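Data block below; observations after.
The values are calculated or read from the model by the stated rules, or taken from the named source; none is laboratory data. A quick note: this is a predicted structure, and the numbers were derived from the prediction, not measured. Counting neighbours? That spans all protein chains shown, and the Cβs are built from the backbone with ideal geometry, glycine included. When the accessible area is computed, the model is the full protein with side chains, heavy atoms only, and any ligands, DNA or RNA have been set aside. Shrake-Rupley method; radii C 1.70, N 1.55, O 1.52, S 1.80 Å.
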Amino acid sequence: SGLRINMSLMDIPINVFVLDKEFLKDTNSMYTTDTILRYVAGVSAGDQDIGSLTMRSNNTQYSLRDGFRVANSTPGIFTERVEIMEGSVGVIYGVSSPSGVVNTVTKRAQPGADLYEFSGWVDNNYGYSGSADINVGTIADGKLAVRLMGEYRRGGFLPFFGGGVAGVAVRGEVAWHG
């Protein structure tokens, strides 16, 4: 989706790095888009509240979710893949950053498939998280799908020093394939 046309990744005339869902699971990077970016050379994330990025030594506050500009990071439970496009390709999206752009592609409801995924973690700094991703795609002979994703996260590092911030993210989607 880097150029908004259906084209093979090998035929795209720009530098594109794609971190797919298998990579994200293998590296346990399902927290937020900002933590996923630590695996790409030349890209680092700033403050999650404003979605600032540093790409190739240039600061930008433009990141994309499904090709549209957003001002915050995407919860990992919603992420299908992350596309990092280097250079002035951001002009295609209306972003004038000379360094590039990061596009987070979110999960979609999938007709014809039933998927259930549950995960959680606990750390030694009083933090914990639980998430669920449920796709029911066998409704109406596989033509209708409903997907519900949710995550509860409580940040750690010593609650008596201002830590312990909680966050909830929920997203639902319905798709018809007729």
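For region 46-60, filtering for residues that are assigned to a loop (DSSP other than H, G, I, E, B), open to solvent by 60 Å² or more (accessible area, probe 1.4 Å) and at pLDDT 65 or above leaves 2. Being among the charged types (D, E, K, R), in contact with a Ser or Thr (Cβ under 8 Å, 6 or more places away or on another chain) and modelled with pLDDT of 90 or more is a property that does not hold for D133. Of everything in region 89-109, what is at pLDDT 75 or above and surrounded by 15 or more Cβ atoms within 10 Å (Cβ to Cβ)? Give them in sequence order. Matches in region 89-109: S99, G100, V101, V102, N103, T104, V105, T106, K107, A109. Of the residues making up region 133-146, one or more are among the polar types (S, T, N, Q), in contact (Cβ under 8 Å) with a residue 12 or more places away in the chain and under 24 Å from H177 (Cβ atoms). Considering G162, G127, G112, G155, which residue is modelled with pLDDT of 85 or more and not polar (S, T, N, Q)? Going through G162, G127, G112, G155 in turn, just one is modelled with pLDDT of 85 or more and not polar (S, T, N, Q): G112. Note on region 112-133: residues that are open to solvent by 50 Å² or more (accessible area, probe 1.4 Å), closer than 30 Å to V174 by Cβ and either part of a loop (DSSP other than H, G, I, E, B) or in contact with a Phe, Trp or Tyr (Cβ under 9 Å, 6 or more places away or on another chain) (or both) total 3. Among all residues of region 21-33, there is none that is modelled with pLDDT of 70 or more, open to solvent by less than 70 Å² (accessible area, probe 1.4 Å) and among the small types (G, A, S). Looking only at residues in region 2-17 that are open to solvent by 60 Å² or more (accessible area, probe 1.4 Å) and in contact with a strand residue (DSSP E or B) (Cβ under 6 Å, 6 or more places away or on another chain), the one that is modelled with the highest pLDDT is F17.
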